[in-house]
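Single-structure report; data block below.
The values are calculated or read from the model by the stated rules, or taken from the named source; none is laboratory data. All values derive from a computational prediction rather than experimental measurement. Cβ placement follows ideal geometry from the backbone for every residue including glycine, while neighbour counts extend to all protein chains displayed. Surface accessibility is based on the protein's heavy atoms, side chains included, excluding ligands, DNA and RNA. Shrake-Rupley method; radii C 1.70, N 1.55, O 1.52, S 1.80 Å.
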Amino acid sequence: QVQLAESGGGLVQAGGSLRLSCAASGGTFSSYTMGWFRQAPGKEREFVAVVRRSSTTDYSDSVKGRFTISRDNAKNMVNLQMNSLKPEDTAVYYCAARQTYRATYDYWGQGTQVTVSS
């Protein structure tokens with residue numbers, strides 16, 4: 001089992017930046033695909049970004065060009081650098097992990113709130 005803990009959320013003005021971090025414990029971090037998801041009030045949880053074992057990345061169209069996901073296997077951490085933030089980015093952001101041979105993410109953090117003001 002792997003435990004995940006997000007940090008770095010907060011309140012920021014539109015156009016500003018935040019850096020989210022996710023610390024992992026348990027399991028073998030380098031063997032997991034790591035993702036960031038978010039959920040706004042009244043909406044379903046949505047995919048934001050993913051970084052795989054090979055360090056390849058993908059992003060949702062809504063954040064492409066503004067967000068950057070990265071991993072540091074030596075520190076068992078995954079980060080999400082968020083630039084040019086918009087009010088519609090306001091959500092609870094979740095870190096997630098999945099094993100390569102499974103189709104779904106089985107491990108989730110508690111989430112961290114990101115609020116972007118106009």
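Residues that are open to solvent by 60 Å² or more (accessible area, probe 1.4 Å) and charged (D, E, K, R) were ranked within the range 61-105; the one that is modelled with the lowest pLDDT is R102. Could you say whether any residue in the range 50-68 is closer than 14 Å to V116 by Cβ and either in contact with a Pro (Cβ under 9 Å, 6 or more places away or on another chain) or touching a residue at least 60 places away in the same chain (Cβ under 8 Å) (or both)? Checking the range 50-68: not a single residue is closer than 14 Å to V116 by Cβ and either in contact with a Pro (Cβ under 9 Å, 6 or more places away or on another chain) or touching a residue at least 60 places away in the same chain (Cβ under 8 Å) (or both).
Conditions tested, residue by residue: (1) closer than 13 Å to W36 by Cα; (2) of a type in the set (A, V, I, L, M, F, W, C); (3) touching a helix residue (DSSP H, G or I) at 6+ places or on another chain (Cβ under 7 Å).
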site: V51; (1), (2), (3): yes, yes, no
site: S54; (1), (2), (3): no, no, no
site: D58; (1), (2), (3): yes, no, no
site: S62; (1), (2), (3): no, no, no
site: I69; (1), (2), (3): yes, yes, no
site: N73; (1), (2), (3): no, no, yes
site: Q81; (1), (2), (3): yes, no, no
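Note on the range 20-118: enclosed strands (runs of 3 or more DSSP E) holding 2 or more residues that are polar (S, T, N, Q) and under 21 Å from Q3 (Cα atoms) are 32-39, 112-117.
Each residue in the range 1-13 was checked for being among the hydrophobic types (A, V, I, L, M, F, W, C) and open to solvent by 50 Å² or more (accessible area, probe 1.4 Å), and 2 of them qualify.
The number of residues in the range 9-49 being polar (S, T, N, Q) and in contact with a helix residue (DSSP H, G or I) (Cβ under 9 Å, 6 or more places away or on another chain) comes to 0. Note on the range 1-19: residues that are in a loop (DSSP other than H, G, I, E, B) and either among the acidic types (D, E) or within 20 Å of Q81 (Cβ to Cβ) (or both) amount to 6. With respect to the stated conditions, A40 fails to be within 21 Å of T100 (Cα to Cα) and open to solvent by less than 70 Å² (accessible area, probe 1.4 Å).
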